[in-house]
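Nothing in this text is a laboratory measurement; each read-out follows from the coordinates by a stated rule. If you're wondering where the values come from, they're calculated on a predicted model, not measured in any experiment. Positions of Cβ are backbone-derived with ideal geometry, glycine not excepted, and every protein chain shown enters the neighbour counts.
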Amino acid sequence: MSSLPATTSRFPVRVFGGPTALLEYGGLRFLTDPTFDGPGDYGRSGRPLLTKTAPSTTTPADLGRLDVVLLSHDEHPDNLDTSGRNLLADVPLTLTTPGGGERLGGQLREKVRGLTDWESIELDRPGGGTITVTGVPAIHGPGSREEVEPVAGQVVGFVLTGEGLPTVYVSGDNASLDAVREIAGRFPTVDTALLFAGAPRFPVLFDNQLIVLDSAQAAEAATILGARRVVPVHYDSWAHFTEGGDDLTAAFTAAGLADRLDWGRQN
């Protein structure tokens, strides 16, 4: 396709590195998986060591007003780090997994809510109207939830909708194309998809199988969704990401979808 529909091109997305992006949508400002700590080694006992290789392109102080954080999961430092946790206290609402809602509840109290699959919350828009945020399935590894969650934890994706607004999908750390198909069945018109990619793997987890989409799978997810615009995130700034921007470009080009890529750098 040669151009984006007006409803899609109206709202900007800015990508800051790793899984962190800012969406200005329907008069509200949404931030995904906040990660702003500097390069270095992160992790805790019993978990694989994660090495951050590049800093964020912004700082929390430079973000301006935030209305909602869309937190796909709180348990891994490449999706929520120390700076990100500190930021949550100043944001009116954080949406995350049911388990994350419980873990963060002591700190955030009524400012955090966990969403189960297909559970929705309505947010008031400035000037009237609402935005609906729906929690959607995500699986952080190969296999069923029952197999993956005890190892990699619970993850949630999000779909944003509203009258006169484009439909937006935020995948979170999802490795399941079956989950994408299920989401496409419920939301048949996706305008913008923020797809977490990067093909992360660990030899000690799931026999080195993918725990988030690789580049070819991200292109397949875009096809399944019929997404008019794809904003890749979660493909740079960490050593465990085995595919980067060049791989995504090649995969989307091979699939005939290169013109749908938006790297979130110009908005």
query: Rounded, prolate or oblate: which one fits the chain, using the alpha carbon gyration tensor with axes a ≥ b ≥ c (rounded when a/c is under 1.5, else prolate when a/b beats b/c, else oblate)?
result: rounded
field: Under DSSP loop assignment and at most 11 Cβ neighbours within 10 Å, longest trypsin sites (Lys or Arg not before Pro)-free interval of the chain
entry: 66-264
query: If you take the square roots of the eigenvalues of the alpha-carbon gyration tensor of the stretch 214-267 and sort them as a ≥ b ≥ c, do you get rounded (a/c under 1.5), prolate (a/b over b/c) or oblate?
result: oblate
- request: Add +1 for every Lys or Arg and -1 for every Asp or Glu among the other residues with Cβ under 11 Å from the Cβ of Gly114, and state the total.
  value: -1
message: Using the Cα centre of the chain as origin and beta-carbon charges of +1 (Lys, Arg) and -1 (Asp, Glu), tell me which of Ser237, Val15, Gln209 is placed farthest towards the positive end of the dipole.
response: Val15
message: Within 14 Å, Cβ to Cβ, of Gly64, how many net charges do the neighbouring residues add up to if Lys/Arg are +1 and Asp/Glu are -1?
response: -1
- prompt: Scanning the chain for GluC sites (Glu not before Pro) in DSSP loops with at most 16 other Cβ atoms within 10 Å, what's the longest stretch left with none?
  reply: 1-118
task: Please arrange Leu248, Leu87 by counting, for each residue, the other beta carbons lying within 10 Å of its beta carbon, fewest first.
output: Leu87, Leu248
